[in-house]
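Written out below as structure tokens is the structure these notes cover.
The values are calculated or read from the model by the stated rules, or taken from the named source; none is laboratory data. Note that the structure is predicted; figures quoted are calculated from it, not measured. Positions of Cβ are generated from backbone atoms using ideal geometry, with glycine treated the same way; all protein chains shown enter the neighbour counts.
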């Protein structure tokens, strides 16, 4: 197998991000087994053909059921709408394909467990798209923690703050409808923070949360677009918003650390503040996705007169992936969190091991999300173990 | 009454801070009725005499009971240890003196209510020392909110992070003993955040919290000092830490805003990060006490291409108190949060009105603190109204 | 002409950057005429073949003279070492090819003028690689100035600070040898700042400078690599450093603005600080390449109580190129300054107009560089007009 | 001598700053010999009496000639307008008084030399008011350099940026008139930067500068006030601005370091940006007066993966003066640069040694200022030695 042949389902925002990653691999990571962009799939024939040409795929399909059984495909990459993940993933597993699935893995925990079981039963590789793990600055955070340089962890404070729906005239896009999106800020943004916490701190033990929908009705969307920059029509009839605008929760981790996590779309000035801070017995680290190349690091054992958070630009030779890119000080963008993610996926297949994060991580994340939902509904602390 | 005659009980850190404020008033606020530093009081005669001379008081007392009834005193300023606040305040009220009391008002809600009742019954002015309200940058935050420039508030996120007891060999100072301090990070630091939230957002409706004592035993303190920079003796016998090292809680405000509040002494790199962020329908504001002169402000209606948080240095003519200090760009320090506090106190007395914040604010703060404690003990949401 | 057929000479750092840009165009700028990556050229057959395969070019050449006359080439992209630019560019012009040439255009002003003349005589399009102009944040700076929102410009303060040769054991790479590199920090880094100043402020009138070579001898390089992260051999014999480590100069612009410009490779902690600040009668702007997506903007007519520099993240819909990338708050990297540069080049060819910046800009930049050199040699102010 | 008896001439901005410092000493530096605020002096009897009462001086004088010969005065503190410094200082020296003189020491170098000579001949202590040296963060910079922790210095980059006269309708206050102020931005702001460079880097060797007066005529001032926040009268007749609005210069230090220094009052958004950066062989430091408690420090020998500028809050026990103030993280303001300055002055008198900085530093600073002026006039490099 000289390359890994990919069939991708979905061709919008995430399809573009994944395609870009596949295209970047042979150029920037020539030692990684090369993904071959065999087929792209979507329901709208004209739309998928346009994306095929634009993104550089060899062929297009309009029926994912055909795609997942094609002989010339090794990997199925699922970035279709969330409500389609489960069915596709299980079919792909049954067809013996390796699977990359965007987050959220599924609309609920039960479905995600089914998906994990199917993939395990089929013996295929499976990965879930928690791309933020793969920012070099986040990799540095992981390294510092793993090497014990931050010590025992006391606190995790994580936020994902956005502001694109503060205007009450912003329309009722699909992300604000529970039957399609599954969840609002919690599942969309909070899921990333939960995964980051699991990656860096460890497993959650118990949680308690609260949530709110600040704008309860919004203009129905008449146009076809539904992106983050959609414009509402002030005169349009209104429909009910059925997901959360903001969800916050407190957490206790298995290792005794305390967590505070918040996801909101109602924080003006924050276009995409996916940030966290970790405090340990030997130091602290801070990250903000809007400055994706930077990590703030504090060491308690620095000399007494020069203690302070260091702003580390994670573009030096000592930083993950950096040698594949540009000289020190030359930053990379958001998009390459996906590139690095695909490095891991290709490497895992080539090395015959499970990639990380995989469906098991998607399941765990979903368990935490649902434990928070349950804690909100029942107004009490919920242990993650209750969900399993 | 050409000046307001002050008798102050307590002569350590807070006694120094208050003395400095009284001394600053005639110089920087010549139009404010002048405080006369009549008497300072403390149990240790030599200690209090040294402070008297150093801080510039006219006389010294060693028995607060004598002080509070002196004819030549109009105001009693209480910054003795927290466990003495109640008895002194009630005696001062009964003696008809106006009262300034450091926070926390009392060790518990019941005591603080008694103090408020005593002061109201006596018809004296009463103020509580939530000094952070009086930073010009915080005053600007208040002004922006009051003028509706931030719009309806969605979120309050407040933190008070310190790191002075991360070392497990740091000794068992009085602040780590519940019978003297009443509370740990929660009452010491969290109280300031709660007051800030009440000042800027409004009343709390319900809360749920969690807390932890990361280091459960510490070396007993043999030396007499107990300050924030005390050094432990590694060989000393150990005693139990009886307060929280960290307390976090979620909150819902009466006006529907969501709150997340955390107080910890286990955040390396944070010497004194008393910070908050508020998100509203028209903008956001951010504050960090370590940069006490600055406020970050975002307006959603800024032109599309130049939206961003502004770093406002609150030293311009348009900012509170600034015209009494130095030209624009010339910052002031922490200490003048006390100076401004005393401006309010002196003005309230001169204008025959209650100062703000007063004992009622101390009571409300205590109610929230205890609601959080109760929520931790009972592992459930607690409405503030349950405490009243 | 359905696409624009490119032949590229050079296959190292810049060859990689350009290739990446060409590859990005059809995906992210599908409306721009598509570059066809026809041939890559370099002297080392094995090396160029490796890059051909890695970067995705259709064919490889080892003789640039053959490349520039190929019938299937519309454009010659020159990113070979600086000392080869002139000969190649003139040959390409004579062959009727459009030319993209990396900066510096040539080793000296006379050569650059010859190149410009050749291109003009041949009637081809010509562009020079001042890529930093194409960061969206810099484009925003340009827009604000062009729209008069910063007012009349008083000051330009520009720095390009690096630190990769501070260690005296860093070896004598080609960039430190005048006969190959032409210049040191001045021509390599200062040229970018000069171009930025010309782009944003206007033409230089006169200059006076100073320069220094802090480490005058360095270990000879035995290994073949010569990149920014080369390691020296402490025991190796030493050779003379023949370029400047740092060059600073003052400038007066034609429009009366004052400039201060510095380029140095001796600024520890600065991996790639290409920064500037501009002060005008209505406001100020600041940029730092290490935070390439951000622009700091100050407006003097903001309300009195909320004046402050705004940190604008240039990823909103209102910002140049942003709609071709990701949603607001999702940053892009250094590499796409090249992508945008190629958008301009392809568009200019398609629209039959000269791209900007073109060889005339390369000539002007070279004139300023040499005026500074002359001012250093003669220890006096030198008008740019003296050089013409 | 149980205290040091001070007579102060001047009672405006600087008189207030000095008075505040004298008042702070006994409280915060009880071990320092106490200044006794014996007499304040100014020409306007009513004005000086008001300041006397407000600032807390024992007596007032309206004739400085009487003040300097009073028997009950040990020290003369001169903060009268700059054009009066020389005459007063010489008279004070002849009367055997120790002298504190605000910067600039005199209107020109010759005068400042006379003042130094007079003080030396009289054998009195003399100090000049370069207060910025005394910020704890600047003291830390000095310490790091002195201990060799930054290594050999390559670069000094210093700026003093303000914006209070950008509006062309701002009136012609005394600071804009050469006969009274002596100089504009150069002497007022640049002098501070020059002193900082001398303090941290060493002596200047040669300089070349440029300057500009952007607004050449301004409304005459009809009101009596002339402060930084004066408002102009759009209809008033105009007068000529006779000082520089901005002056920039390049410098070479005796030790080989390169300098770039700029002073301007035309930088919108900068209320008081007195900032510098120093690059050395082992690291770098950065300071900005608007964040007076902070120093940014970079060490080249930090571990490879965590290199970055540290933001050090100079309020820890390890920092100069900090133990006399508040706990770590509790910042102090601009005003205490004067307090620390007076600590040095009082200590020098008590220890019978010259304080630092003293008149010799004032002379050196003036020499650099005039060398820059000469270099502008003659459009050539000027060695400082030419001035001596």
*Out of (1) within 14 Å of chain D (Cβ to nearest Cβ); (2) out of contact with any strand residue (DSSP E or B) (no Cβ under 8 Å at 6 or more places or on another chain); (3) buried (at least 21 other Cβ atoms within 10 Å of the Cβ), the odd one out for residue C:195 is which?*
(1)
*Out of the stretch D:85-119, which residues are assigned to a loop (DSSP other than H, G, I, E, B) and touching a strand residue (DSSP E or B) at 6+ places or on another chain (Cβ under 7 Å)?*
D:97, D:102, D:103, D:105
_For the stretch B:93-114, check the following and say yes or no: at least one residue is without any contact (Cβ under 8 Å) to a residue 24 or more places away in the chain, away from every other protein chain (no Cβ under 14 Å) and surrounded by fewer than 24 Cβ atoms within 10 Å (Cβ to Cβ)._
yes
*In this structure, does residue D:72 turn out to be assigned to a strand (DSSP E or B), touching a residue at least 40 places away in the same chain (Cβ under 8 Å) and touching a strand residue (DSSP E or B) at 6+ places or on another chain (Cβ under 7 Å)?*
no
*Of everything in the stretch D:5-33 that's surrounded by fewer than 22 Cβ atoms within 10 Å (Cβ to Cβ) and more than 17 Å from residue D:321 (Cβ to Cβ), which residue is farthest from the other protein chains (Cβ to nearest Cβ)?*
D:5
*Examine the stretch C:34-41 for a residue that is part of a loop (DSSP other than H, G, I, E, B), at pLDDT 95 or above and crowded, with 21+ Cβ neighbours inside 10 Å, and state whether such a residue exists.*
no
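State whether the residues of the stretch D:339-347 include one that is within 22 Å of residue D:272 (Cβ to Cβ), surrounded by fewer than 23 Cβ atoms within 10 Å (Cβ to Cβ), at pLDDT 95 or above and within 13 Å of another protein chain (Cβ to nearest Cβ).
Step one: list which residues in the stretch D:339-347 are within 22 Å of residue D:272 (Cβ to Cβ), which gives D:339-342.
Add one more test, that the residue is surrounded by fewer than 23 Cβ atoms within 10 Å (Cβ to Cβ), and what stays is none.
Taking every residue of the stretch D:339-347 in turn, none turns out to be within 22 Å of residue D:272 (Cβ to Cβ), surrounded by fewer than 23 Cβ atoms within 10 Å (Cβ to Cβ), at pLDDT 95 or above and within 13 Å of another protein chain (Cβ to nearest Cβ).
For the stretch A:190-213, which positions are in a helix (DSSP H, G or I) and more than 28 Å from residue B:382 (Cβ to Cβ)?
Residues of the stretch A:190-213 in a helix (DSSP H, G or I): A:190-200.
Result: A:191, A:192, A:195, A:196, A:198, A:199, A:200.
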*asked:* Looking at (1) more than 14 Å from chain A (Cβ to nearest Cβ); (2) farther than 30 Å from residue B:317 by Cβ; (3) modelled with pLDDT of 95 or more, which one does residue C:387 not meet, given that it meets all the others?
replied: (3)
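Out of all the residues in the stretch C:120-131, which are outside any helix (DSSP H, G or I) and either assigned by TED's automatic domain parsing to the domain that holds residue C:178 or in contact (Cβ under 8 Å) with a residue 60 or more places away in the chain (or both)? Step through it out loud before you land on a result.
Narrowing the stretch C:120-131 to residues outside any helix (DSSP H, G or I): C:123-130.
Scanning the stretch C:120-131 gives C:125, C:126, C:127, C:128, C:129, C:130.
Condition test on residue B:209, is it within 14 Å of another protein chain (Cβ to nearest Cβ), touching a residue at least 60 places away in the same chain (Cβ under 8 Å) and surrounded by 22 or more Cβ atoms within 10 Å (Cβ to Cβ)? So that I can check it myself, show each step before the final result.
Values: within 14 Å of another protein chain (Cβ to nearest Cβ): yes; touching a residue at least 60 places away in the same chain (Cβ under 8 Å): yes; surrounded by 22 or more Cβ atoms within 10 Å (Cβ to Cβ): yes.
Taking the combined requirement at face value, the residue satisfies it.
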*Checking residue A:334 against (1) under 23 Å from the mean Cα position of the chain (by Cα); (2) crowded, with 21+ Cβ neighbours inside 10 Å; (3) in contact (Cβ under 8 Å) with a residue 60 or more places away in the chain, which single condition isn't satisfied?*
(3)
*asked:* I want to confirm something. Restricting to the stretch B:249-297 and keeping residues that are part of a strand (DSSP E or B) and within 12 Å of chain D (Cβ to nearest Cβ), which single residue is farthest from residue A:207 (Cα to Cα)?
replied: B:294
*Within the bounds of the stretch C:141-152, is there any residue that is closer than 30 Å to residue C:86 by Cβ, surrounded by fewer than 20 Cβ atoms within 10 Å (Cβ to Cβ) and within 13 Å of another protein chain (Cβ to nearest Cβ)?*
yes
*Of the residues A:158, A:56, A:151, which is assigned by TED's automatic domain parsing to the domain that holds residue A:312 and on the phi > 0 side of the Ramachandran plot?*
A:151
*What about residue B:360, is it in a helix (DSSP H, G or I), touching a helix residue (DSSP H, G or I) at 6+ places or on another chain (Cβ under 7 Å) and not assigned by TED's automatic domain parsing to the domain that holds residue B:26?*
yes
*Could you please give the count of residues in the stretch C:302-323 that are assigned to a helix (DSSP H, G or I), more than 8 Å from chain B (Cβ to nearest Cβ) and buried (at least 19 other Cβ atoms within 10 Å of the Cβ)?*
1
*asked:* Exactly one condition in (1) crowded, with 20+ Cβ neighbours inside 10 Å; (2) out of contact with any helix residue (DSSP H, G or I) (no Cβ under 8 Å at 6 or more places or on another chain) is false for residue A:187; which is it?
replied: (2)
_If residue D:80 satisfies all but one of (1) more than 24 Å from the chain's Cα centre (by Cα); (2) in a loop (DSSP other than H, G, I, E, B); (3) buried (at least 16 other Cβ atoms within 10 Å of the Cβ), what's the number of the condition it fails?_
(1)
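Are any of the residues in the stretch D:161-175 outside any loop (DSSP other than H, G, I, E, B), touching a residue at least 40 places away in the same chain (Cβ under 8 Å) and away from every other protein chain (no Cβ under 11 Å)? Step through it out loud before you land on a result.
Within the stretch D:161-175, the first condition is being outside any loop (DSSP other than H, G, I, E, B), and the residues that meet it are D:161, D:174-175.
Keeping just the survivors that are touching a residue at least 40 places away in the same chain (Cβ under 8 Å) gives D:161, D:174-175.
If we keep only those that are away from every other protein chain (no Cβ under 11 Å) too, we end up with D:174-175.
There is at least one residue in the stretch D:161-175 that is outside any loop (DSSP other than H, G, I, E, B), touching a residue at least 40 places away in the same chain (Cβ under 8 Å) and away from every other protein chain (no Cβ under 11 Å).
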